[in-house]
1. Residue check, B:Ala79 against (1) surrounded by fewer than 22 Cβ atoms within 10 Å (Cβ to Cβ); (2) out of contact with any helix residue (DSSP H, G or I) (no Cβ under 6 Å at 6 or more places or on another chain), all met but one. Which one?
2. Please give the number of the condition B:Ala24 fails out of (1) surrounded by fewer than 22 Cβ atoms within 10 Å (Cβ to Cβ); (2) more than 10 Å from the ligand (Cβ to nearest atom).
3. Within the stretch A:750-781, take every residue that is free of Cβ contacts under 8 Å to residues at least 60 places away in the same chain and not β-branched (Val, Ile, Thr) and give me the one that is nearest to the other protein chains (Cβ to nearest Cβ).
4. Just the residues that are away from the ligand (no atom under 11 Å from the Cβ) and farther than 17 Å from B:Asn114 by Cβ, please, taken from the stretch B:164-184.
5. Does any residue of the stretch A:452-471 turn out to be outside any strand (DSSP E or B), out of contact with any Phe, Trp or Tyr (no Cβ under 7 Å at 6 or more places or on another chain) and farther than 30 Å from A:Val335 by Cβ?
6. Just one of A:Ile686, A:Ile673 is part of a helix (DSSP H, G or I), closer than 28 Å to A:Gly466 by Cβ, within 14 Å of chain B (Cβ to nearest Cβ) and of a type outside the set (Ser, Thr, Tyr); which is it?
7. Among (1) of a type outside the set (Gly, Ala, Ser); (2) assigned to a loop (DSSP other than H, G, I, E, B); (3) under 32 Å from the mean Cα position of the chain (by Cα), there is one condition A:Ile113 misses while meeting the rest; what is its number?
8. Hey, B:Tyr120 hits all of (1) closer than 12 Å to B:Thr200 by Cβ; (2) more than 11 Å from the ligand (Cβ to nearest atom) but one; which does it fall short on?
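The values are calculated or read from the model by the stated rules, or taken from the named source; none is laboratory data. These numbers come from a predicted model, not from an experiment. Cβ: placed from backbone, ideal geometry, glycine included. Neighbour counts: every protein chain shown.
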Amino acid sequence: MPKDSGIGASSKRREDVRFLTGRGKYTDDINLRGQAYVHFLRSDVAHGRINGIDTGEAAAMPGVVRIFTGADFEGVGGLPCGWQVTDRHGNPMQEPAHPILAQGKVRHVGDPIAAVVADSYAQARDAAEAIVLDIEELPAVIDMKAAVEGGPKVHDDLESNLCYDWGFVEENKDAVNAAFEAAAHVTTLELKNQRLVANPMEPRVAVGDYAPGTGDSTLYTTSQNPHVIRLLMGAFVLGIPEHKLRVVAPDVGGGFGSKIFHYAEEAFCTFAAKAIERPVKWTSSRSEAFMSDAHGRDHVTKIELALDADGMFQAIRTETFANMGAYLSTFAPSVPTWLHGTLMAGNYKTPLIYVNVKAVFTNTVPVDAYRGAGRPEATFQLERVIDKAAREMGIDPVELRRKNFITEFPYATPVAVEYDTGDYNATLDKALEVADVSGFEARRAASAAKGKWRGLGLNCYIEACGIAPSALVGQLGARAGLYESATVRVNATGGLVVMTGSHSHGQGHETAFPQVIAEMIGIDESMIEIVHGDTANSPMGMGTYGSRSLAVGGSAMVRATEKIINKAKKIAAHLLEASDADIELKDGQFSVAGTDKSVAWGDVTLAAYVPHNYPLEDLEPGLEETAFYDPSNFTYPAGTYICEVEVDPDTGKVSIERFTAADDFGNVVNPMIVEGQVHGGLAQGIGQALLESCVYDANGQILSASYMDYAMPRADDVPYYSVDHSCQTPCTHNPLGVKGCGEAGAIGSPPAVVNAVVDALQRNGKDVTHIDMPLSPARVWAAMNG
Amino acid sequence: MHNFELVKPTTIADAVAALSGEDAQALGGGQTLIPTMKQRLAAPTTLVSTTGISEMQGVCVDDAGRVCIGGATTHATVAAEAAAHYPGLAALAGGIGDPAVRNRGTIGGSLANNDPSACYPSAALGSGATIVTNSREIAADDFFQGMFETALEEGEIITEVKFPVPQASNYQKFLQPASRFALVGVFVARYADGVRVAVTGASESGVFRWSEAEAALSDSFAASAIGGLSVPADGMIGDLHGTPEYRAHLIGVMTGRAVAAAG
Ligand SMILES: Cc1cc2nc3c(=O)[nH]c(=O)nc-3n(C[C@H](O)[C@H](O)[C@H](O)COP(=O)(O)OP(=O)(O)OC[C@H]3O[C@@H](n4cnc5c(N)ncnc54)[C@H](O)[C@@H]3O)c2cc1C
């Protein structure tokens, strides 16, 4: 029986009312009195030396308030990197400076050179056109292998373009090599995980404000984590202590990772507002977003899988080139390492794994986390190479996976993580059933009768979510903790306000979080309001990414609510003249166990704020509690995705006919929201598999810099999905038993799609073992006819 | 975007007069011109809107049986109103862009722009249409002069397009995955005196007629008639979305499909 409220209910998303009726309040809706506008003059060459910037004529143009260049930021901090990776020789990664405005050199198309602040946006843009630049174009390096093999240096003061050469686990390297020597079969695959642009519906916006009267700065920004921005920008860039800096991220129209990072434009607006004593606003255009939002993925990988004669996995060895772009974005170094190498075991008990990652600087936009971040790259290579091995060895791909599945938990992988729980056979069986795999042959024949080639592809994924245990990530190089906090404030009349550091930008926190508290107290969800996105309201928060909000932020909220309940029980005990140990809370009523004496939630909350009859000697008045929750492990959602495609042999066009997702997310608070998250993730994963690609030419110009050439998935590109999350092995270490569902769809779908297309081609006599994404009609046709 | 004046004349004569001003430019639906201005790649001082000119609006059939479409008629109007007279043309118009684009974009703007990936040029060339301007009539065969190039003179506007109606026709558009313009589009029209095949999206010289296919199909209007034909990849567009070889191949596939669909 589906519940109609509390944990497990598909409560309708209350935030959607404002989003769907145009009443959301986004950063661009914020207009401050007297605000000026900034336009960034950006580099149109990928690499060049700045010999001169003449702003004279521009500065005299109508409406221009002030023009800033790199020189204005001398002595000001650059954008910090939040993660330091240690290379396989024990040395720290190479970490270049990342100035707010270019100093000396420009290093990618889109690198900001000057910022024109004017009374209107049009005036700023007009004046920017009048700036005379003397830039000596230098040879650019775009290809990663060329970059490490002596190509032009992106940063003159670094030794090379190699940010780090990471080995994981370095001590296992020899054992892994030995296992390959001894293996009965080795399958090798070289592949690319192409560069993507996140493209949230709302482009980035920043409004900086400064109050000369108090010396307080405020930044309104499109961020997934306002507290992180406050910390990074305040401490590392502008030198503003937290108590003098407020960061507000109001309604945010999607992030997908690209709004985690601290960007130059945010620091600029905050800095300039103080310099000119006027609010300064920047709104990115879509074209600007393509060259200034951090990009995602961009790995080139060689993976090898060693098997014994029975198909048991013996070892995995990988070599990956990971593009960092021209500078290190906030969390960039962690993505190809700790979010990628640690997942290379997948769902399988491979005893030996060695992952080598070379992170490389190139004259391109910085690359950082994008939905899934590192885990899609891990899953893609692993599930592709397994499919290839199955074909080479003549083993059914389902059986090959099944026989290698981890079945006992907890399971310590050879790549440093410990899976607490899971049941990979359960999700595999569920997917096979829901996808009606037994009916595939009949559907294949029907497709063939229409002249279409049908194929079926499978993918079993695992990911690490609920990011992350602070002590562990600290050892791994994180320069931040990854706990979350919540303050639960109960008002006198019984309603609750929960202030959380988990930002919601599409996830549905405002609906799902109250369901948890409503369940704990036994009151109506509508009595609970979630407040987030403002450092002035919430305690310290680390924000929303890595499918961490419910697992980490929700756990903090549970802990704070437990404190509330404990205190409320003491008040109830006083009112009921009983001992606290005898007080039970059910359906919003406190009662004395075994009696009919009770007092309502609202009477207790009122007593807390009108303490006339109250144990003031023992208990403070009021009812407000804060908790910080630091997880003891990651969570490990896993599942099986099955994709069925039709390929048009005349054109190479792929259409996805069926798609089944069977996920184990542990306990589910709101099944409808979970399903929606999976749908969105699948659309992005299918977008990567079939459509999206950010392409540079050899000179560093982005060829796909608008929607004319960057193919976003549209509604008719994706099929009707069959989504199941009935397999649930609750997380063993967080109070809700939840694992996180935000990224699974994007992680699990690309290999399923590619496996299906390769299957369709193989079944029709084409000896194609791999096609690099996106599987555009032209590429599939070329593979078929190559 | 830079500042500009917008004038909205109600007659062709007034429009032509307004266009004689310096840096004046015609504005149809603005679906191409406005984005170009926003990117500051065009900066006309005056825009002369065609949408208020009633003599440039609508679909009718003339005494010769030709479907005549006013130069400022939107794609959506053509899709709806030409359906009864020239279904192949109406279907093409109904497949351009999305509803917002179809309700703004105009046939005159599309033909004048002559984007190498646009749909309408293939219908005009494939139908042997006549492009009527404020000053003359131009045969489609003379009108398209390569990518973004047409026979239009400075300040000349397309007021009407006259389409002879074929016995059978069909347009097959293979979508470029990102823009959803034609990666390759083929318009096939069968007339009493022969078949015309016009190809858009594929060639570096813009829309063109595939004369070998026309000859073969004039003999036998069946997809099998072009089975042995192929288009050389030379001169075809190569970009992110397809090589010249791929486009050349698609021309054959799309032509075959258009013939089969035209029946
Ligand atoms: C998202 C999107 C998708 C699209 N998809 C497609 C597609 O799939 N297929 C396709 O074919 N097209 C497509 N288009 C193009 C669109 O359909 C229009 O045809 C095109 O933009 C030009 O028509 P317009 O009326 O908007 O012209 P405008 O943008 O107003 O003008 C274009 C040019 O023509 C000139 N001009 C305008 N009217 C006249 C006239 N009467 N006489 C002479 N010159 C004139 C202008 O001065 C300008 O140079 C798409 C456009 C968009 C924005």
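1. The failed condition is (2).
2. Unmet condition: (2).
3. Across the stretch A:750-781, the extreme among qualifying residues is A:Lys766.
4. B:Pro164, B:Val165, B:Pro166, B:Gln167, B:Ala168, B:Ser169, B:Asn170, B:Gln172, B:Phe174, B:Pro177
5. yes
6. A:Ile686
7. (2)
8. Here B:Tyr120 meets the rest and fails (2).
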